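The block underneath contains the structure these notes are about, expressed in structure tokens.
Readers should treat all values here as calculations from the given coordinates under stated rules, not as data from a laboratory. What you see is a predicted model, and the numbers here were worked out from it, not measured in a lab. Note that each Cβ is placed from the backbone with ideal geometry, even for glycine, and that neighbours are counted across all protein chains shown.
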Amino acid sequence: MKILKGILLFIGVLLAIILITAAFVKKDFKSERSIVINKPKSEVFAYVKSLKSQNDWSVWGKRDPNMKTEFTGTDGTVGCIHTWEGNDDVGSGEQEIKKIIEGERIDFELRFLKPFKATNYAHIITQAESDHTTKVTWGFNGTMSYPMNISLLFMNMDENIGNDFAEGLSNLKVLMEK
């Protein structure tokens with residue numbers, strides 16, 4: 001009985017330490033990567049605002065070639081939704097175009113269902129570097145609620161997501177510059 005009480009006390013103290021620590025850990029995270037593409041901004045923007053074209057260059061489409069996808073609404077316009085259901089690497093969820101500043105920026109809402117439920121936000125920004133080159137910036141941000149935010153101590157969201165964005169942007173550059 002004494003051993004059981006000791007184990008329960010240890011678990012209780014450990015849980016208290018975790019919950020107290022989580023109260024002081026940041027809840028917000030973000031990641032952003034950029035690349036320069038040797039194409040005019042109008043051409044790049046027209047391509048990146050298409051949710052259907054994202055499967056050609058984002059890393060997640062390549063991680064599950066059998067991923068089931070569905071599109072509702074008019075592609076490349078506010079309100080268009082891309083729904084996906086895939087393997088454990090890509091999970092399931094949906095992405096909706098929430099705002100477009102034509103030629104400049106697209107804002108998305110990402111609603112993840114599996115492996116965890118979360119709502120996060122992404123954006124793609126295009127900026128002309130010259131008449132024939134465009135800087136594309138892909139970004140992501142969100143909030144992890146208490147006490148799950150404790151996991152931010154052990155994972156680097158900027159690195160994890162940022163590496164995927166960098167790889168996706170490299171794929172985009174190759175496709176656009178063919």
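Miscellaneous remarks
- Ranking of Leu14, Leu110, Leu169 by count of other Cβ atoms within 10 Å, fewest first: Leu14, Leu110, Leu169
- Sorted by Cβ density within 10 Å, fewest first, the residues Phe140, Phe112, Phe154, Phe45: Phe154, Phe112, Phe140, Phe45
- Projected label points at Ala118 and Ala166, each 7 Å from Cα along the beta carbon direction, are separated by 2.0 nanometres.
- Among Pro115, Met144, His132 - extreme Cα towards positive end, dipole of the stretch 27-176, charges at beta-carbon: Met144
- Relative exposure of His82, His132, judged by other C-beta atoms within 10 Å (fewest first): His132, His82
- Dipole orientation for the chain: of the candidates Gly61, Asn87, Phe10, Phe10 has the Cα lying most toward the positive pole (charges on Cβ; Lys, Arg +1; Asp, Glu -1).
- Using θ = phi - 60° in the Karplus curve 6.51 cos²θ - 1.76 cosθ + 1.60, the 3J(HN,Hα) couplings for the stretch 166-172 round to 4, 5, x, 5, 5, 4, 4 Hz; x is entered for Gly and Pro.
- Net charge dipole size for the chain [Lys, Arg +1 and Asp, Glu -1 on Cβ; Debye, nearest 20]: 660 debye
- Of the GluC sites (Glu not before Pro) in the stretch 93-165, those whose Cβ has at most 15 other Cβ within 10 Å and which sit in DSSP loop: Glu102, Glu104, Glu129
- Cα-only Debye scattering, the stretch 27-176: base-10 log of I(q)/I(0) at q = 0.09, 0.11, 0.21 Å⁻¹: -0.28, -0.41, -1.48
- Calculated mean residue ellipticity, 222 nm, the chain: -11000 deg cm²/dmol, from DSSP H runs (n ≥ 4) at -39500 (n - 2.57) each, averaged per residue and rounded to 500.
- For the stretch 25-31, 3J(HN,Hα) per residue [Karplus equation, 6.51 cos²θ - 1.76 cosθ + 1.60, θ = phi - 60°, Hz, x = Gly/Pro]: 8, 4, 10, 8, 9, 7, 8
- Given R0 = 45 Å, the distance between the Cβ atoms of Arg105 and Lys5 translates into a calculated FRET efficiency of 0.15.
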